[in-house]
Amino acid sequence: MSPRRAGPPAWAEALLLLSLPRGPVGRSIVGDLHEEFTADLSGRGRTRAVLRYLRRALSVALHLSGPGGRAPHPGKGRQSRTRQGVGALGHDLRLAARLLLRRPGLTLTAVVSLGLGIGANTGLFTLVNAILLRPLPYPEAAELVGVFRIDPEVTGPTPTPERLSGLFAVPYEVHRDWVEMSPVFTAAGGYATDGATVLEESGPASVRVALMTSGTFRALGVAPELGRSFLPEDDQVGAPPAAVLSDGYWRRRFGGDRGVLGKVLEVDGLGYTVVGVMPQGFAFPGSATQLWLSFSDELKTNPVRNAGYMQVVARLAPALGLEGAQREMDQVARRIGEIHPEEVEHGIGLFPLKDLIVAGRGAGLLGLMGAVALVLLIACTNLAGILLVRATERRREMGVRRALGAGRGRLVAQQLAECILLSLLGGLAGWALARVGMEPFLSLMPRELPRLGEVRVDSGLLLVAFALALLAGLLTALLPAWKAAATPINTVLGEGGRNLSGGRSASRIQGALVVSQVALAFVLLAGAGLFVRSMVELLAVDPGFRSEGIVIASFDVPPDRRSTAEFAAFLEEMEARLRSFPGVLEVGAANQMPFSGGWSAPPVSVETVEGVREGIRHFAAVLPTYHATMGIPIVEGRSLSPQDGPAAEPVVVVSETLARLMAPEGSPLGMRVRIETVGDSLWRTVVGVAGDVVYRLNYVPQGMFYVPITQRPGSIRNWVVRSDGDPERLLAPVRRLAVEMNPGAAPELRVLEDAVRSSEAVVASRFTVILLGGLAALAAFLAVLGVYGVLAYLVQLRTREMGIRMAMGAERGRVLWRVLRQGLALAGLGIGVGVVLVLVLGQVVQAGLFGIPARDPLTLVGAALGLGAAVLVASYLPARRAASLDPVVVLRGE
Amino acid sequence: MAPRFLGDFEQMVLLAVLRLGEEAYAVAVLREMDIRAGHSVSRGTLYKTLERLHARGLVAWAVEEGTPERGGHPRRLFRVTAAGMRALHDSRSVFLRMWEGLEGAGEGSPR
């Protein structure tokens, strides 16, 4: 939001200035109104001051926009055509304003429906603009690319950023090769995001950090606000650990103190010297990142080449272009393959950084934009319907005016003026709606939506709203206006003031408008229905474990207990103390687990019936009790047991998916698995098969296995505690225990059921459901309003006919049915068209759906019944009015 | 320009400008008319009238630099020209002649 201004709204002042004569006259008038505004502001508050200002500005603009402000007097001789035109416009606008005020109900309906349509469009366009259209907030952002390792066996020949699964991160060593060997980067560097524990004044705090090389800062090209970012010296082995603060962290922890440079932060037990602060708005790779740290010597010197934890970002030499650069990088990949034969299959892929950040969200957003555009279209048809009614009402007036010599263009212009005024009011309403509604709307957005922090509600919004409003207004106005002005004079005058069947052709057009409204509303309703069903399916997924009663505590093993002996003792002590809590049934632990952050997936060799296969697999190092605690069934063989100690034969339990891969027909028991990382080349024997587990609701790992933690000591982060009561009860005591066991940690605790419910997929689909549901409700409401309008109008037109029918003995029931039938016919036709549209457009949304086809018949039938019922209600009111006509009154009215 | 009677509103505007002397700009004119005549005036009408009076040479204006409370926009100070004074006097004397001998008329009569 813009800061409070002392003056009137800038847009209003600008509009006023435009409508006034140029030079000192206009500017002095603007000044006068400004002065009056200033006086109002102190006495009446801003809202009232603005309203009064707008009223005055309108009065001035209407009076002064033409010569003398009124239509040229016939006696005064001819003025120039343009002057006459300008005068006529002012006149038309004033007349239009008066006519609109005389029918407040109709006007309000039009303004509200336009306002809703324009508001929704403006808001969503702001979002799409910020996320998809605007360049990233870096200088020459189009030159920035993400660099990835590509394994053609996994990705196929043409990986895309939408399917990130095919693109691999790399270790420090490989990143260094790329940066040093590439001839096409003007700057390049690597980064890796991580969670870290920072010792703050109030105790250990969990903070999102990104490890960065100096090249990354150089490539992004953003200068620090204070101090420096990383320099090539920081990349050297032996360089002192350095930290750069985000603006947010700097303000939160140090209160924006400019003397922060040189202070030492304790991050995960290591001291990092603060060397700089980045400016506000610098959020790389995401807005969650609070600190940037230099890479540790351990990572800089680690020779491992087949791990992956680092992403690489580079700035391309502008002359080359993406394709040229890609060809050069293909050469680099070939040369690396010659040095390291095991990487000969690996490629290097360059992708525009923006595509990577937006990664696949584009289609969804554009889909929503389409839905919102449909709502506006419906609003426009509503407006057209209303104008058509008005035009029909005024046929006689138009006929008289034409008979008196008014030109057809002149009459059209007058009706256009009415429409422009309506749509400007609608635009104003829409803009107000977008401004007020934007904040709550943004708070609904899934947090992981990229670039959300860059969304700004600005005055550009107003421009969009009014452009949309004018477009909508002109599109809808031309047809009715032309039709009304085109009616032959004698027809109208010959009607003797009666509206016989004169409105029939107008009502045919109106009928067509209503049919299209119903069709569009049906598309949106069906779409919303699909996403609701999809979300239900998503929540009904069997995750492969039982989450009831489970609490997860995540924290690191304290540094002084990481030696092999101490580590085993730590595990034993933790397990025993957790078991001693009342109500605890089972205790397990795993280094990684479902719905609890990321996981690593190393290259793994597995024996299969067709020989050894290498691939990326998930594995978890677990306590033997893990499967029992999580309720993951063992479907074959045995579970891990305490006997699988360090000295025993190395064993694993594999998931059903991996078991099927190893032995499609028989049993994998006795086959072996090997993790291909440095320092681990043990073949481990399969002793059991566990049920598949989903890691996120819409993602099942392609093959997973479990290793007993004692046979592969390392970190263990997640403690799983199952109790027989409410898991919330355990949160406090488990947290206290975690802090006691590792005073330097900031433990994260959560209830597993909550973690599943609030997981990314559910949140994203909930967002879609809310948004699309709201739009569909809006569309249905507008369509129903349209149906009501046209039927009410038809009844009014046919009052006389129906009066005669009833005088001749027609039953009321039949009259009622005749009107209802018309409403249902329109609805039926509309729904029919809508069904066709959904069947055709279905493919577009399929990617966003989970577990149901886009042509789900249940959803289609449901949407049709719902919309049909709404139309029936809308038709009933005018039908009842028709049926309750008193024939005597009607005929006497003649 | 052919001699012409001033309208009521034109007369009121001219008189307000005259009363305000050095400080006669639109906002002050509005205030003056509100206070003296109890007449709340539409901004549009006032500005139109001022333009018309200017076009007939009955008022003249000069521009003064803007102040912060005016958002920096200039201020137009009006004054009644000699022709304006003449028109005011003409109108007044016409009215006075027409009123001559009728001062008490109608005041005591029952409705």
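Read-outs: derived from the displayed coordinates by stated rules, not from any lab. Note that this is a predicted model, so its numbers are computed, not measured. Cβ atoms come from the backbone with ideal geometry, glycine included; neighbour counts cover every protein chain shown.
What does DSSP give for the stretch A:232-320 in terms of the percent of beta bridges that are antiparallel, rounded to the nearest 5?
Details: 7 of 11 bridges.
DSSP beta bridges in the stretch A:232-320 are roughly 65 percent antiparallel.
Within a straight-line Cα-Cα reach of under 14 Å, A:Lys263 can be paired with the following aspartates and glutamates, leaving aside sequence neighbours fewer than 8 residues apart in one chain: A:Glu200, A:Glu201. Counted over the protein assembly as shown, the DSSP beta bridges are approximately 80% antiparallel.
For A:Leu231, no residue has an amide H sitting under 5 Å from its own, ignoring neighbours fewer than 5 places away on the same chain, with H placed 1.01 Å from N. With each label modelled as a point 7 angstrom along the Cα→C-beta vector, the B:Ala55-A:Thr273 pair spans 7.9 nm.
Which of the GluC sites (Glu not before Pro) found in the stretch A:629-665 are loop residues per DSSP with 14 or fewer other Cβ atoms within 10 Å of their Cβ? Walk me through the intermediate numbers first.
On the way: sites: A:Glu636, A:Glu656, A:Glu665; in loops: A:Glu665.
Here the sparse-neighbourhood loop sites are A:Glu665.
For the pair the stretch A:831-894 and the stretch A:622-657, the centres of their Cα atoms are 57 angstrom apart. For the stretch A:278-289, 3J(HN,Hα) computed residue by residue from phi via the Karplus equation (6.51, -1.76, 1.60; θ = phi - 60°) reads 7, x, 4, x, 7, 9, 10, x, x, 6, 6, 5 Hz, glycine and proline entered as x. Cα centroid separation, the stretch A:1-56 to the stretch B:38-110: 25 Å. Under a 5 Å amide H cut-off, with hydrogens placed 1.01 Å from N, A:Glu636 pairs with A:Val689 among residues at least 5 apart or on other chains.
Between the beta carbons of A:Arg757 and A:Val840, assuming R0 = 45 Å, the FRET efficiency works out to 0.80 to the nearest 0.05.
Just from its helices, what would the mean residue ellipticity at 222 nm be for chain B, if runs of 4 or more DSSP H residues each count -39500 (n - 2.57) and the sum is divided by every residue, rounded to the nearest 500 deg cm²/dmol?
-16500 deg cm²/dmol
Taking 14 Å as the straight-line reach from the Cα of B:Lys48, the aspartates and glutamates in range (excluding those fewer than 8 positions away in the same chain) are B:Glu10.
Straight-line reach from A:Lys354: taking Cα to Cα under 16 Å and skipping same-chain neighbours fewer than 8 places apart, the aspartates and glutamates in range are A:Glu140, A:Glu143, A:Glu162, A:Glu448, A:Glu454. Note on the stretch A:556-746: antiparallel DSSP beta bridges, both residues inside, total approximately 70 percent of the bridges counted.
Between A:Phe619 and A:Phe705, the built amide H atoms are under 5 Å apart, and every one of these is 5 or more places off in sequence or on another chain.
Projecting the Cα atoms of A:Val871, B:Phe95, A:Phe230 onto the charge dipole of the protein assembly as shown (Cβ charges, centred on the Cα centre) puts B:Phe95 farthest toward the positive pole. Residues in the stretch A:625-636 carry Karplus couplings, in order, of 7, 4, 4, 5, 4, 7, x, 8, x, 9, 8, 8 Hz; the curve used is 6.51 cos²θ - 1.76 cosθ + 1.60 with θ = phi - 60°, and Gly or Pro positions show x.
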